[in-house]
Amino acid sequence: MESGNLALKKAYTYADYALWDSDIRWELIDGIPYAMGAPTSDHQTISGNFFAQLHNHLRGKTCRVFSAPFDVRLNYSKGDTTVVQPDLVVICDRGKIDKSGCLGAPDMVVEILSPSTASLDTVKKFNKYMEAGVKEYWVVNPDTKAVHVHVLKEGAYVTGAYEDTDTVPVSILPGCEIDLAEVFGGILTEEDDPHA
C-alpha cells in the first residue's frame, strides 16, 4: 500500500493488511494503519537480550516467545481491525498460534520505545492490550533504562516501575525473572557511538 491510498477507506481490516507491500512494516489499530520505522541497534540489542532470557526460561515448557515481525490480531473474531507487531510476545495457549502469528491476546507483550512509537505504545496500544486481556505488558525505555510492568488485575493494569539494576519477576511465568542489567547490556553510550 502506498501512503497516498490511506484515505480510500475509513477502516481497514486484516484482509486488507495482508495484501500490503511487505517491504514496509505496518500496524493496524481500530482500522487505522501506522507505518513502522526501522529499529535502532540499541532497540535490537535490548530485544535480543530480553528474548534470550525468556527463551532460556521457556525451553521445554508449553509457553513460547516470539519476536517481531510477528502479527498479533487482537480482535480477529470481532472485526479484525487491530493487528500489531509487538517487539516480543509470550503465548501459552498453542491454539492461538497459526502460521501468520497470534489470534487474540498473547499472555505477555514487550514493547521497546522509540521516539516515533512512544505515544502509540504508551497510550493506544496500552489501552488495546488492556481491553484485549493481555495479562502482562512490559514497556522498555532504552533512553532512561527504565521498565514499566503492567499486570492485568480485574480488567485494569497495575503498574510497577523498575530500573536497569533490578531483577523483575514475570507474573505469568512462575520462576522467571528478568535481569534488567542483562537486558540493557551492550547498548551504545554516547562515547561508544562515533556518529552521536
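Laboratory data are not the source of any read-out in this text; all were calculated from the coordinates shown. A quick note: this is a predicted structure, and the numbers were derived from the prediction, not measured. Every residue, glycine as well, gets a Cβ built from its backbone with ideal geometry; the counts of neighbours run over all protein chains shown.
Electrostatic tally near residue 87: other residues with Cβ closer than 10 Å to its Cβ, Lys and Arg +1, Asp and Glu -1, net -2.
When the chain is treated as a Gaussian network with alpha carbon springs shorter than 10 Å, the biggest mean-square fluctuation among 48, 160, 60 belongs to 60. As a quick test, which of the pairs 10/96; 10/124; 78/124; 61/153 have an alpha carbon distance above 20 angstrom in this structure? Cα-Cα > 20 Å for 10/96; 61/153; rest within.
Given the chain reduced to its alpha-carbon atoms as identical point scatterers, what log10 I(q)/I(0) does the Debye formula return at q = 0.17 Å⁻¹? Results for the chain at q = 0.17 Å⁻¹ read -1.17. Of the trypsin sites (Lys or Arg not before Pro) in region 7-43, the ones in a loop by DSSP (not H, G, I, E or B) with at most 14 other beta carbons within 10 Å are 9, 10.
Each peptide among 125-131, 108-114 gets the average number of other Cβ atoms lying within 10 Å of its residues, and from highest to lowest they stand as 108-114, 125-131.
Stretching residue 153 away from residue 92 to a fully extended chain increases their span by 20.1 nm, per 0.36 nm per residue minus the current alpha-carbon distance. GNM on the chain, alpha-carbon springs under 10 angstrom: the most fluctuating residue among 15, 132, 156 is 15.
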